[in-house]
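The structure appears right after this line, and notes come after that.
The values are calculated or read from the model by the stated rules, or taken from the named source; none is laboratory data. Computed from a predicted structure; not experimentally measured. Here the Cβ positions follow ideal geometry from the backbone for every residue, glycine too, while neighbour counts run over all protein chains shown. For the accessible areas, the whole protein counts, side chains as well, though only heavy atoms, and no ligand, DNA or RNA atoms are used. Shrake-Rupley method; radii C 1.70, N 1.55, O 1.52, S 1.80 Å.
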Amino acid sequence: MAVTLDKEAYYRRIKRLYSNWKKGEDDFSNVDAIVVSVGVDEEIVYAKSTALQTWLFGYELTDTIMVFCEEKILFMASKKKVEFLKQIANTKGNENANGTPAITLLIREKQNEGNKANFEKMLEAIRGSKKGKRIGVFSKDKFPGDFMKSWYDCLNKEGFDKADISAAVAYTIAVKEDGELNLMKKAATITTDVFNKFFKERVMEIVDADEKVRHGKLAESVEKAIEDKKYLGGTDPSTIEMCYPPIIQSGGNYNLKFSVVSDKNHMHFGAITCAMGIRYKSYCSNLVRTLMVDPTQEMQENYNFLLQMQEDLCKELKHGAKICEIYQAIMEQVKKQKPELMSKITKNLGFAMGIEFREGSLVINSKNQYKLKKGMVFSVHLGLSDLPKKEGKKPEEKTYALFVGDTVLVNEEGPATILTSVKKKVKNIGIFLKNEDEEEEEEEKDEAEDLLGRGSRAAALLTERTRNEMTAEEKRRTHQKELATQLNDEARRRLTEQKGEQQAQKARKSNVSYKNTSQMPKESEIREMKIYIDKKYETVIMPVFGIATPFHIATIKNISMSVEGDYTYLRINFYCPGSALGRNEGNIFPNPDATFVKEITYRASNMKTPGETAVPSLNLQNAFRIIKEVQKRYKTREAEEKEKEGIVKQDSLVINLNRSNPKLKDLYIRPNIAQKRMQGSLEAHVNGFRFTSVRGDKVDILYNNIKHAIFQPCDGEMIIVLHFHLKNAIMFGKKRHTDVQFYTEVGEITTDLGKHQHMHDRDDLYAEQLEREMRHKLKTAFKNFIEKVESLTKEDLEFEVPFRDLGFNGAPYRSTCLLQPTSSALVNTTEWPPFVVTLDEVELVHFERVQFHLKNFDMVIVYKDYNKKVTMINAIPVASLDPIKEWLNSCDIKYTEGVQSLNWTKIMKTIVDDPEGFFEQGGWSFLEPEGEGSEAGAEGSESEVEDETFNPSEEEYEDEEEDSDEDYSDETEESVYSEDSLGSDEESGKDWDELEEEARKADRESRYEEEEEQTSSKKRKGHGHAPTPSKKRRK
């Protein structure tokens, strides 16, 4: 026969059955023989007899009788089935070779008369087994047909005592082997996929389009979906069937059982319960979820309570725990926390599953005395029915039910593992459509339609819409005023608490060459008054006034060598107070009052004197080369140490050796590990991710160090990205990084220009189709990886997807990119460097250059940590202003706007230096357009704030700019204009006062035109509003 039988599995399982029979308790051990008869009945889906056959042989064998005696086993079946069973039959001389009783195969005749002899053989075997009086049967299994009837008649004539052994056999089968668990996990995965990819999406479509769909029709569409491979992850549909017809209920009619059928009522947009289970290769799974449309606060609280109960139940499901005690523990919690729900909760909390969907003897209720064992699989489901909804007005809205269930695996220790990893938090199953005001308006519209008919509805709708828009704007303003008050109060409190915690300015590290004279080298070059470089201590020993003097390499700023005539000159410049060390570094010397050497120049002859082996200048040449080498090595080491400064030591990555870890292959990492980008794979382990490049480089990112995990799909992008914004920087490639991303490219960026372009070109159409398929495939792979990771971390790590619809263009760095909000951040991950701003860290947002005649404006993000530099996003199109305001308002972030660019470096410094004074003078209200005179809190006078423009490169040139601003006095302006006047023929002959007055008048007239011509870069040069010479020349 072509069909093979897993002999090893059969021997293993028959041994387990006999072992439990021998040491069994109660009725099972008192049974002398076991008789299992299977007939033909298409209506019976689940039966203990067929389940036992599937467990032993992997197939159901109809019209087959199995008799298990103490010493032997008899099978009676048709000729074809006997051929199949011969694979496990013991040959002569090999009986009990596998530790199992010998098998006797009897062929069933088509005519019942011919079967009597074989019936007699089986009855004789029963009589010879143990005492031969009591037989174990599955009392609920009654199969029709002549063959079964004649066998039952023969069995009844013998007058054997019958005992029902269903529960005992079920307990034996309930503990799953690894192979069975893999099948059940696969079944659970398929159920998850069908729910996520089809059912949930379909319900969202129905709600979104306000369709009227009957429960029964929706259930049928779910059954049809399992025939489509795209919902099955590529599994063969012929190996899959539904455990039961999907049950969809809503609109007040709920029956939280798995024996009910979806009714013909239309789906009501309230609480929608869905129960579905898929059977894969005879093994079952189950999933129950409740989708809620605009749930009330009470509904959400009850639902969260139900989730908590399910989580507690999973914790109780451990090896060795008694089922009734588990039930009592959960009921005690319900009684303690929400006693009013005791009468609403489902009578049982789950049942064991396997080949049979529901194992009646292993139900989680108050009476079950069985103990759990490792490897058992349960469907745990908790429901609350007949819950009153106070807000409901229509009959179908007055009551609702909540139902949640999963397929779980019992472990040795720790809570049960959930196999159906469908998200079930309120934010994942809640469909939020409207706020309360809109609901009231909708009711008013409905009433208007009823009273006035369709014609009046349009007018009513227009009125409502206009009123609503006005209300929304007013609400936004009111909300912003509230936020302004909160902002100042919280900021004041926070800054007061932080006062005195300012870190002392870090002094420059003092590099000592030698701690004592004994460490000085005793080389001949030193005695000969030559320059000597001690590489060990990174020190240059130079002769100064005839004394060998050591200078550490850190004190040398730069060196230069030149040859002039017969001499070589070596010039060494040192760091000293007053030399340009960069911004704010003038006072970082440990002892700035000491006497410093600024520079030393050495001269040596290029002429070789008689008797000398080398020219004297060779020493200077060698010194120049070696100092350069040592300096380079020292600077590299210092740079690495600086990178490592402040690095928080991470925990070690715990590697999960299981091969089924979530894994993504062929990804690139940014920033690059080496100079050339390399592919690699990203794998999720117990407490973090590990990226392994093809070269073998490893980068570990721990879950607890991830601040934001962002998934950027490839819709409208050329790459698909997983981006991690970290809490603490990590080191790789000798640099520290707080942003790490993994991406792969989608589609081709190149275009074939040599080919004749035609819109119906077959190659182009085919290439587009391939790209679409590739995008879909990549998106699916990334989504599956994310779902598995979230399940692995029990949703402690959640990936955020940017809301593309809320995105706006702006330039946070040099180039313009699309900035998109997520639920907790504002991000751009497709361009490099990435841009990530955590919304919780934002104090307020200020819009600059908001004027009617300008096409763009700038956005300044001020952080709650006032020592942190503000973030500026330039060149945002003015059309995005209102959507950005709406988004910020919904996130409870205060925003302000103004027509000028401010000097934020000075403003923040003023606030940090004197927070009390800043808030006494109105705090952040100076940014409000109607603020009066409170600018003094930021700069001391209104004019100073306005005159100072924001300079992006201010950190480097602030000192010079301040000097130039002070020098740029009225006298200078007059002299500039007078020079221009002298160069103009038509204005010659006029005196200075007339020329100055004329220039001022011209500036006033052309002010508005020139403001538009001025670019943002010119405005940030730090010249304020003083008229420039170039303006005068244009006149």
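Overview of results
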| quantity | calculated |
| --- | --- |
| Fully extended contour minus Cα-Cα distance, from GLU201 to LYS632, at 0.36 nm per residue | 149.1 nm |
| FRET E, pair LYS777, LYS217, Förster distance 30 Å, beta-carbon r, rounded to 0.05 | 0.45 |
| Solvent-accessible area, 1.4 Å probe, carbon plus sulfur percent, for the stretch 1-156 | 46 percent |
| Spin-label model distance (nm) - ASP840 vs PHE596, 7 Å beyond Cα toward Cβ | 4.5 nm |
| Per residue, in Å², the accessible surface of the stretch 121-213 once ligands and nucleic acids are set aside, probe 1.4 Å | 48 Å² |
| Between the stretch 665-695 and the stretch 49-69, the Cα center-to-center distance that results, in Å | 51 Å |
| Nitroxide proxy distance, nm - points 7 Å out along Cα→Cβ at GLU640 and THR738 | 2.5 nm |
| Per residue accessible area of the stretch 626-688, 1.4 Å probe, in Å² | 67 Å² |
| Residues listed by number, the stretch 883-898, amide nitrogen under 15 Å from GLU482 label point at 7 Å toward C-beta | 889-895 |
| Anisotropy class of the stretch 776-885 from Cα gyration tensor, a/c 1.5 cut | prolate |
| Derived scalar couplings ³J(HN,Hα) [the stretch 121-136; Karplus, 6.51 cos²θ - 1.76 cosθ + 1.60; whole Hz; x for Gly, Pro] | 4, 5, 5, 5, 5, 5, 4, x, 8, 6, 7, x, 10, 10, 10, x |
| Karplus-derived 3J(HN,Hα), 6.51/-1.76/1.60, for each residue of the stretch 137-144, Hz, glycine and proline x | 9, 9, 5, 7, 8, 10, 9, x |
| Where trypsin sites (Lys or Arg not before Pro) fall in DSSP loop in the stretch 616-713, at most 13 other Cβ within 10 Å | LYS649, ARG659, LYS676, ARG677, ARG695 |
| Across LYS628/LYS734; LYS7/LYS80; LYS598/LYS868; LYS676/LYS779; LYS628/LYS698, pairs whose alpha-carbon gap is larger than 24 Å | LYS598/LYS868; LYS676/LYS779; LYS628/LYS698 |
| Members of LYS23/LYS72; LYS140/LYS318; LYS72/LYS162; LYS81/LYS224; LYS224/LYS318 lying beyond 28 Å, as alpha-carbon distances in this model show | LYS140/LYS318; LYS81/LYS224; LYS224/LYS318 |
| Computed over the stretch 286-328, Kirkwood Rh from alpha-carbon pairs, angstrom | 12.3 Å |
| Nearby lysines by direct alpha-carbon distance to LYS475 (threshold 19 angstrom, same-chain neighbours under 8 apart not counted) | LYS434, LYS885, LYS894 |
| FRET efficiency for LYS130 and LYS157, using Cβ-Cβ distance with R0 set to 35 Å, rounded to 0.05 | 0.95 |
| Estimated distance in nm for a label pair at SER824 and GLN328, the labels positioned 7 Å out from Cα along Cα-to-Cβ | 4.2 nm |
| Carbon + sulfur, % of accessible area of the stretch 291-390 - ligands and nucleic acids excluded, 1.4 Å | 46 percent |
| Percent carbon-and-sulfur accessible area, the stretch 178-270, ignoring ligands, DNA and RNA, probe 1.4 Å | 46 percent |
| Surface/4 of the Cα convex hull for the stretch 54-149, nm² | 7.0 nm² |
| Theoretical FRET efficiency, 1/(1+(r/R0)^6), r = Cβ-Cβ of GLU298 and LYS224, R0 35 Å, to 0.05 | 0.45 |
